[in-house]
Amino acid sequence: MKTTGFKTFKVAEKEGQAWVTFDNPPVNIQDIPMIKELDDLAASLEDDRSIKVVVFQSAHPEIFIAHADTNFLKEMSTKAVTREDIELLDLQKVLQRISKLPQITVSKIEGFARGGGHEFALATDMRFAARGKAVFMQMEVGMGILPCGGGSSRMARQIGLGRALEVILSAKDFDADQAEAYGLINRALDADKIGAFVEDLVNRMSQFNSDAIEAAKRTVYASIDLPIEEALKEEAYWLYQATSKSPAIKRFTMADDTGFQNDIENQRNFETLLMGLQGVN
Amino acid sequence: MKTTGFKTFKVAEKEGQAWVTFDNPPVNIQDIPMIKELDDLAASLEDDRSIKVVVFQSAHPEIFIAHADTNFLKEMSTKAVTREDIELLDLQKVLQRISKLPQITVSKIEGFARGGGHEFALATDMRFAARGKAVFMQMEVGMGILPCGGGSSRMARQIGLGRALEVILSAKDFDADQAEAYGLINRALDADKIGAFVEDLVNRMSQFNSDAIEAAKRTVYASIDLPIEEALKEEAYWLYQATSKSPAIKRFTMADDTGFQNDIENQRNFETLLMGLQGVN
Amino acid sequence: MKTTGFKTFKVAEKEGQAWVTFDNPPVNIQDIPMIKELDDLAASLEDDRSIKVVVFQSAHPEIFIAHADTNFLKEMSTKAVTREDIELLDLQKVLQRISKLPQITVSKIEGFARGGGHEFALATDMRFAARGKAVFMQMEVGMGILPCGGGSSRMARQIGLGRALEVILSAKDFDADQAEAYGLINRALDADKIGAFVEDLVNRMSQFNSDAIEAAKRTVYASIDLPIEEALKEEAYWLYQATSKSPAIKRFTMADDTGFQNDIENQRNFETLLMGLQGVN
């Protein structure tokens, strides 16, 4: 994958992992160069299946991503359009592309993530935030618009309708614990623990088979857009996509041959034993 | 808006806010006059965009809204109808009309909210409840029916499938803390704090632009009924509806001109700075 | 209903309740005989509306259901198929049949529930788990597949998108408290309290009218697969299905005639009074 030439973030590659560190002084504003570079990054990741997990973090001590740049927002069209003439906005397109990456995407949030910055995080698969550092807000209604980087569309998919409406209509700050209580983030972690937690999780997930990762991810996203009977078909479809490429049969055979499953001691140690199968390809 | 002539509640108007206080002795039963008056109230609110936020509360020390009146429920039809012949019930229609108001609707719950009373709260945008006072229940399955004021339809949109099934199939009381844990309400608050909390929130939200409020609300509700790609289009559609009418461009320009966004101190004070823009119209 | 002849679980019938106890040594593996017997059990329950609630528990001190049998998984097809040619897998079909039972289904989880074992629990209406005993995991991505017993389809319907992706993509153990915090289970309970809790709940629910139970269950499941306007119609449809068969009118009439609803003392005691109506048929 492409790791150099980006100006708004740095990319470090490491055994199946890409660590993307936002660094766009002075406040990590989500400007047009950042949006453009995220699109380039996504294109590069789509073509590199050796990367299994992408982590997004920030070099700024107080800010994850600030929010969309008012410099381009003030040029926004004020012409009402019909539903037929609607095209997605550039920010929506890029964040949807991030959301659809075949890799697992993780936001590690240790500062302000407001507006488009929070919408970016919502477009990743999972979010972990540091207590005492992370601060979230959707301020758009206070500016006279609505969250339009996918935030209005993705919020209720995470936290239910009532809390999504409160977050968006109140335009108030909330911290990591409140975000965890509402379900906007997966977990709030102490500021001195979030680094090790995310690293352990990413080290685990980046050992998994890339076809299985993609199959699971596609199915879960599809599941909330489809009636259950259709979702189940999608699940079966992606199962066969996975088995046609992954080492699943070899792993099941090895697990079966070694009596892996019928021993209570093995059941107790399943979490560890599973990692032992990652060498079976 | 119409503030007089209602017999089952009182309405007080105050700078962009309507405070509706249920007062239908002896127990705030949800009877036909109340349902009819809620329909009139909704019609009046649809025509008055100067109101931004509507708060629903109760004058009764122990009851928010009790439940639907058994006096009309006992007249209910017992004829099974085909899906083709289904028409929405009056209670469903009125609560759906409340749910679709262009204003932000808030339930401030300091007593029993069972059956249709709880379904009323579920039809509002957000719910705050007082510890030690609020008590919730859907009792309908115990009566031989199901929650039919939208409760069966709206419950899983708030709290997920498993907890929605438990609430409806168990017909048990649960308190504010349990309602918060399950996500049925936005927050549980101490009984002596809920008044100030709701007032502060409403004072903030009622300063926001009415077109932005409507655009955000329409998009969030649409988002859970649409596949993500369609939801994103709806989000873009409502963005242009908002910018065509709201002072968004002026506010972005002012924020940009004053260097608002690139200063860490401003980022720290964003929640307050945002309110300073509310005068820019 | 059929209570004898099962080899992988035992069935005890008791006043409107069926208690199903998994007992498939050595580790309650989800093998083909168990899947086949669950299908037989479901068929038997569909034909016996005297049963209102079905509880699933385990005879094994450490295991609820272990996971799907690697012995048949290793025979899995590795042929990618097109979406048009997809048929549901046997496990998907049986668990979907369980999910659609007219009865209330409850999982009482006091041990490992991983993979297909957890997917079984997700196919029941509600889940209660014992602290210090219940352990959950979806390990499939670590094997090279994805949860394909409905787990990938049902997870986000319970806990939102971000946490569903974490559970499935991390393939890690999590305990009852974490499952409760994420919303995967209804509640975590102390190991010495879960028995009485589930028994009380089941004793309450099994007194309710079977047509009301079915109507409520059908509507709640439909509600998350339909846009709100369609969901409300389904709710009205099932209301009339219930009133055409249940004793609802008699109960409303009795409640109304006895002044049940307009007395504050009755409102305070509603939870108990409701059970007094269960004899009115």
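The values are calculated or read from the model by the stated rules, or taken from the named source; none is laboratory data. A quick note: this is a predicted structure, and the numbers were derived from the prediction, not measured. Cβ coordinates were reconstructed from backbone atoms using ideal geometry, including for glycine residues, and neighbour counts include every protein chain displayed. For accessibility, only protein heavy atoms count, side chains too; no ligands or nucleic acids. Shrake-Rupley method; radii C 1.70, N 1.55, O 1.52, S 1.80 Å.
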- Reported set for the stretch B:87-124 where residues are of a type in the set (Ser, Thr, Tyr) and within 10 Å of chain C (Cβ to nearest Cβ) is B:Ser99
- Check C:Asp48, C:Asp23 and return the single one that is more than 14 Å from chain A (Cβ to nearest Cβ), within 21 Å of A:Asn266 (Cβ to Cβ) and touching a residue at least 12 places away in the same chain (Cβ under 8 Å). C:Asp23
- Boolean, A:Glu37 is without any contact (Cβ under 8 Å) to a residue 24 or more places away in the chain and either part of a helix (DSSP H, G or I) or of a type in the set (S, T, N, Q) (or both): no
- Query: When the stretch B:125-143 is examined, which residues are found to be at the interface with chain C (Cβ under 10 Å from one of its Cβ atoms), crowded, with 24+ Cβ neighbours inside 10 Å and not in a loop (DSSP other than H, G, I, E, B)?
  - Reply: B:Val135, B:Glu140, B:Val141, B:Gly142, B:Met143
- Of the candidates C:Gly195, C:Gly115, the one satisfying the condition of being of a type outside the set (A, V, I, L, M) and more than 27 Å from C:Thr272 (Cβ to Cβ) is C:Gly115
- Matching residues, the stretch C:144-156, being closer than 20 Å to B:Leu161 by Cα, facing chain A (nearest Cβ under 7 Å) and in contact with an Asp or Glu (Cβ under 6 Å, 6 or more places away or on another chain): C:Cys148, C:Gly150, C:Ser152, C:Ser153
- Residue in the stretch A:218-246 that is surrounded by the most Cβ atoms within 10 Å (Cβ to Cβ), counting only those that are within 7 Å of chain C (Cβ to nearest Cβ) and either of a type in the set (D, E, K, R) or over 26 Å from the mean Cα position of the chain (by Cα) (or both): A:Glu235
- Among the residues of the stretch B:145-179, how many are charged (D, E, K, R) and under 16 Å from the mean Cα position of the chain (by Cα)? 2
- Can you run down the residue pairs with Cβ atoms below 9 Å, 6 or more apart or on separate chains, where the first is in the stretch B:67-78 and in the same structural domain as B:Ile109 (by TED's automatic domain parsing) and the partner is at pLDDT 90 or above and surrounded by fewer than 16 Cβ atoms within 10 Å (Cβ to Cβ)? B:Asp69/B:Ile32; B:Asn71/B:Ile32; B:Phe72/B:Ile32; B:Lys74/C:Lys250; B:Ser77/C:Ser244; B:Thr78/C:Ser244
- Query: Looking only at the stretch C:265-281, which residues are outside any helix (DSSP H, G or I) and open to solvent by 40 Å² or more (accessible area, probe 1.4 Å)?
  - Reply: C:Asn269, C:Asn281
- Query: Which condition breaks for C:Glu84 when tested against (1) surrounded by fewer than 17 Cβ atoms within 10 Å (Cβ to Cβ); (2) within 29 Å of A:Thr253 (Cα to Cα); (3) more than 8 Å from every other protein chain (Cβ to nearest Cβ)?
  - Reply: (2)
- Message: Would you confirm, using the coordinates I've provided, whether A:Glu62 is modelled with pLDDT of 95 or more, assigned by TED's automatic domain parsing to the domain that holds A:Phe120 and either among the aromatic types (Phe, Trp, Tyr) or touching a Phe, Trp or Tyr at 6+ places or on another chain (Cβ under 7 Å) (or both)?
- Response: yes
- Item | Among (1) at pLDDT below 95; (2) more than 7 Å from chain A (Cβ to nearest Cβ); (3) surrounded by 19 or more Cβ atoms within 10 Å (Cβ to Cβ) - the single one B:Thr258 does not satisfy | (3)
- Task: Go through (1) surrounded by 24 or more Cβ atoms within 10 Å (Cβ to Cβ); (2) out of contact with any His (no Cβ under 6 Å at 6 or more places or on another chain); (3) more than 9 Å from chain C (Cβ to nearest Cβ); (4) of a type outside the set (Asp, Glu) and name the single condition B:Leu169 misses.
- Result: (3)
